[in-house]
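The values are calculated or read from the model by the stated rules, or taken from the named source; none is laboratory data. Here the structure is a predicted model, which means the values were calculated and not measured. Positions of Cβ are backbone-derived with ideal geometry, glycine not excepted, and every protein chain shown enters the neighbour counts.
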Amino acid sequence: MSIKGTAQLAARAGRRRAARQFSAPAQNFDKLGVIGLGLMGHGIAQTAAAAAANDGVHSSIIAYETDQAFLDRGRDRIQKSVDRLVSRDKMESATAEALMGKITFTTDRSALSDTDLIVEAIIENMDLKKKLYSELGAECKPETVFASNTSSLSITEMALASSRPDKFVGVHFFNPVQVMKLVEVIKTVHTNEDEFERALDWVEKIGKVGVKCGDTPGFIVNRLLVPNLIQAMLMLERKDAETRDIDLSMQLGAGQPMGPLHLADCECTLLKHKYQALIEFMKSFCSAAYSLPVDKPDIGLDTCLFIMEGWVKDFPNETAFVVPKTLKDKVDANELGRKTGRGFYLWEGDKRGDPVDG
Ligand SMILES: NC(=O)c1ccc[n+]([C@@H]2O[C@H](COP(=O)([O-])OP(=O)(O)OC[C@H]3O[C@@H](n4cnc5c(N)ncnc54)[C@H](O)[C@@H]3O)[C@@H](O)[C@H]2O)c1
């Protein structure tokens, strides 16, 4: 999206925030906790600390990891990121210092007990997250609101484990957090409306554009992107159109960076900057279900099949979730896309060849 387009969206979000504040000013989350300082958590802590330093959004931020080495790594990541901004004249060194000064780095979880909002960004594992939330539910003051940054897990399931489902939301940031504007803010059937509005307001106060979404698989972005791939396969199966024509249509007619069948075939190494959210979602989905390392660059048609089979099983009444026979056949034949040299296209290394099915 153009800078102008993004600015317009942000302005609209600002107007929405102003309108909300006019009707009922949302109460600030004064003290923020961030759990997990990996790829996402360090970005969330940094972004919130910048808003704290510049606009007084938070009095302090408690950044927590279980292990000192991971905590140090998270601190270094933030320090390097702000140093880079200073060296490029994008941040005053005094602001960088104030930003770092807003964050308390700790491995002592009791420091989180009196925070007002906790954003969790630990690895994508439901058992681990539920254990964490059940402990936090007992340790934190009753008013603390919990927010998970999960990409692929049920917010409702975590909310119930926390024993405070009314004070539980999802905040799905995109990578890299410091740059990406969008945050999907997820509400479950249990979420209290006031807490949800506060979470949405917080997202916008730290400079992001928040969108509201229910606890639907894939939230908005991936809930629409994955079925897009599936529908393209079904079109092919019905012989409505051929591979190249489907892909060209979506590329040239709908402005997609690459067509859906081409995308389904690809490994994330090829897609890095184009479909970051989808790749990350697919990786998270697989890491949650298979305990694969999150950075395993191994998505392809088997990953598409795995996600679809999971969604069909969990949401049997959702008509958008189907497993195309073509997809199943290709995976059974080990035609997994680029990584095995053959999928919807033939591949020679990173070079895409002719379509396999016409
Ligand atoms: N990677 C992405 O692009 C992306 C985008 C949006 C959402 N997410 C979601 O954000 C979450 C984190 O993903 P990530 O890519 O930052 O992972 P990551 O592996 O980079 O970071 C996870 C961090 O959590 C820490 N951790 C693990 N268990 C912990 C615990 N019990 N307490 C405290 N810290 C703990 C780890 O030490 C690690 O530093 C996942 O739920 C993922 O689905 C990821």
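Scanning the stretch 306-358 for residues that are more than 27 Å from Thr216 (Cβ to Cβ), among the hydroxyl-bearing types (Ser, Thr, Tyr) and touching an Asp or Glu at 6+ places or on another chain (Cβ under 8 Å) returns a single hit, Tyr345. Yes or no: the stretch 91-113 includes at least one residue that is within 15 Å of Ile186 (Cβ to Cβ), touching a helix residue (DSSP H, G or I) at 6+ places or on another chain (Cβ under 6 Å) and not β-branched (Val, Ile, Thr). No, because not a single residue in the stretch 91-113 is within 15 Å of Ile186 (Cβ to Cβ), touching a helix residue (DSSP H, G or I) at 6+ places or on another chain (Cβ under 6 Å) and not β-branched (Val, Ile, Thr). All of Gly259, Gly210 fail the test of being in the same structural domain as Val189 (by TED's automatic domain parsing) and crowded, with 20+ Cβ neighbours inside 10 Å, apart from Gly210.
Restricting the stretch 81-111 to residues that are more than 16 Å from the ligand (Cβ to nearest atom) and of a type in the set (S, T, N, Q), the residue that is surrounded by the most Cβ atoms within 10 Å (Cβ to Cβ) is Thr95. Beta carbons closer than 8 Å, at least 6 apart along the sequence or on distinct chains, pair a first residue in the stretch 105-117 that is within 21 Å of Ala52 (Cβ to Cβ) with a second that is assigned to a loop (DSSP other than H, G, I, E, B) and at pLDDT below 95 for Asp116/Asn28. When the stretch 163-188 is limited to residues that are crowded, with 24+ Cβ neighbours inside 10 Å and farther than 21 Å from Leu37 by Cα, the one that is farthest from the chain's Cα centre (by Cα) turns out to be Lys167. Within the stretch 305-358, restricting attention to residues that are among the small types (Gly, Ala, Ser) and loosely packed, with under 14 Cβ neighbours inside 10 Å, the residue that is modelled with the lowest pLDDT is Gly358. Of the residues Leu200, Leu160, Leu153, the single one that is aliphatic (A, V, I, L, M), out of contact with any His (no Cβ under 8 Å at 6 or more places or on another chain), on the phi < 0 side of the Ramachandran plot and at pLDDT 95 or above is Leu200.
One line per residue, one yes/no per condition, for (1) more than 8 Å from the ligand (Cβ to nearest atom); (2) within 14 Å of Val171 (Cβ to Cβ):
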{"site": "Asp114", "(1), (2)": "yes, no"}
{"site": "Val119", "(1), (2)": "yes, yes"}
{"site": "Met126", "(1), (2)": "yes, no"}
{"site": "Tyr133", "(1), (2)": "yes, no"}
{"site": "Leu136", "(1), (2)": "yes, no"}
{"site": "Glu143", "(1), (2)": "yes, no"}
{"site": "Thr150", "(1), (2)": "no, yes"}
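Among the residues making up the stretch 190-221, those that are part of a loop (DSSP other than H, G, I, E, B) and in contact with an Asp or Glu (Cβ under 8 Å, 6 or more places away or on another chain) are His190, Thr191, Asn192, Pro217, Phe219, Ile220. Screening Lys205, Lys187 for residues that are away from the ligand (no atom under 16 Å from the Cβ) and within 27 Å of Ile307 (Cβ to Cβ) leaves exactly one candidate, Lys187. Residues in the stretch 1-53 that are modelled with pLDDT of 95 or more and more than 16 Å from the ligand (Cβ to nearest atom): Phe29, Asp30, Lys31, Ala49, Ala50, Ala51, Ala52, Ala53.
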